[in-house]
Each structure stands twice: as C-alpha cells, then as structure tokens.
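**Student:** Sharing a structure with you now.
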Amino acid sequence: MYKTAMMVLLFIGLSWSSAAQTPQPKPVSKKTTTAPKAAAAPAKAPDAAPKATYAELTIGELVTEDANRWSDRMSSRIAVSGFVTDINKGDDGDTTVRICENPKIAGMDRARCVVAKCIPKLPCDLPSVGKPITVKGISRYDAKVGSHWWEVDPVESIDK
C-alpha cells in the first residue's frame, strides 16, 4: 500500500510540474514613439597633470653624486643653476649646453660643469654664453667613453 501511494504521488507531481512548464505566449508590446533624448552633457575635461617636482641641486652637489648609488637628495627631475659656457647645435637637432659654476671655466670640467640638452620636441630659449641659467629636466649620467658627466636631458624648462 505504501508503494502504491508513493507511486500515485510521484505520478501526480510529475504531471503537475509538466503542466506548469507548458510554453506561454509572450505578450506583444505595441511600439511607442518617444521624444528624442537630449544629448548628454559633454564629458568633463580631465584635470591637468600634476606639476612636476624638481630637486634643486647645485652643480657641486650633483657632480659628487655616485651614478651607481642613488641618494635621497637625488630625483629623476632636477633643477640646476649655473652659467652658460658653451652652446652647440648637433646634427640630430639637439642643442647641447654646458653649464658651469663659474662663467670663466674653459672646456668641460666634470667637477664643476654639467651638460643640458634641448631636444627639437622641447625647444629652449637659451641665454648667451656667460649668462646665468637654471635648467629643469630629467637627470642622467652619461657614461659613454670620453664623457662621464651628469646631464639634464631633456631640458623641460629654463629660467634665465
């Protein structure tokens, strides 16, 4: 009797669940016309990039830095002041400026001078030889044979 009652309940349950699963027709919606939406407000312009921070170093402080050991005083962007002692325009369009502690230094004195390079994408308005200058830009150490000096390459801005 128990088995028969279970079979009847199972049969009723299956027939009831299959009846509930019969496909129903989807309601048909009527197409409506709406007024066109107003254009979205233009996107807000992104805020200007944060202003770069430059570590202000003297030429003496910069040239005593060990290029192999980055110190806390160093930064990837530096500001260095001195006097223009030489300006050369290269074949590649770069302008090389030698900046020294003293305007009377002749030649490249690695202990008292650095090199700054102005590139065509960031042209520089340079003062004449002998005039004071402050350059701001990316610090690099040029370790090519015959060079071995600190550079600001490229120069990002100049203060005369």
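**Student:** Given H placed on each backbone N at 1.01 Å, which residues far from residue 113 in sequence or on other chains put an amide H within less than 5 Å of it?
**Tutor:** It is none; the list stays empty.
**Student:** Just for the stretch 55-159, what percent of DSSP beta bridges are antiparallel, to the closest 5?
**Tutor:** On the way: 28 of 33 bridges.
So the antiparallel bridges amount to about 85 percent of the total.
**Student:** How large is ³J(HN,Hα) for each residue in the stretch 104-117, as worked out from phi by the Karplus curve 6.51 cos²θ - 1.76 cosθ + 1.60 (θ = phi - 60°), to whole Hz, x for Gly and Pro?
**Tutor:** These are the phi-based 3J(HN,Hα) values: 9, 6, 9, x, 8, 8, 4, 7, 9, 9, 10, 10, 10, 10 Hz.
**Student:** Quick one: pull the percentage of alpha-carbon pairs in the stretch 55-159 with a separation above 15 Å. Mind showing how you got there, number by number?
**Tutor:** On the way: 3166 of 5460 pairs.
That fraction is 58 percent.
**Student:** Using each residue's phi in the stretch 137-152, evaluate 6.51 cos²θ - 1.76 cosθ + 1.60 at θ = phi - 60° and report the 3J(HN,Hα) Karplus result to the nearest Hz, with x for Gly and Pro.
**Tutor:** Listing the rounded values in order: x, 8, 8, 9, 10, 8, 9, 5, 4, x, 9, 6, 8, 7, 10, 10 Hz.
Taken together, the values in this text are just the output of simple stated rules run on the coordinates, not laboratory data. All values reported here derive from a predicted model rather than from experimental measurement.
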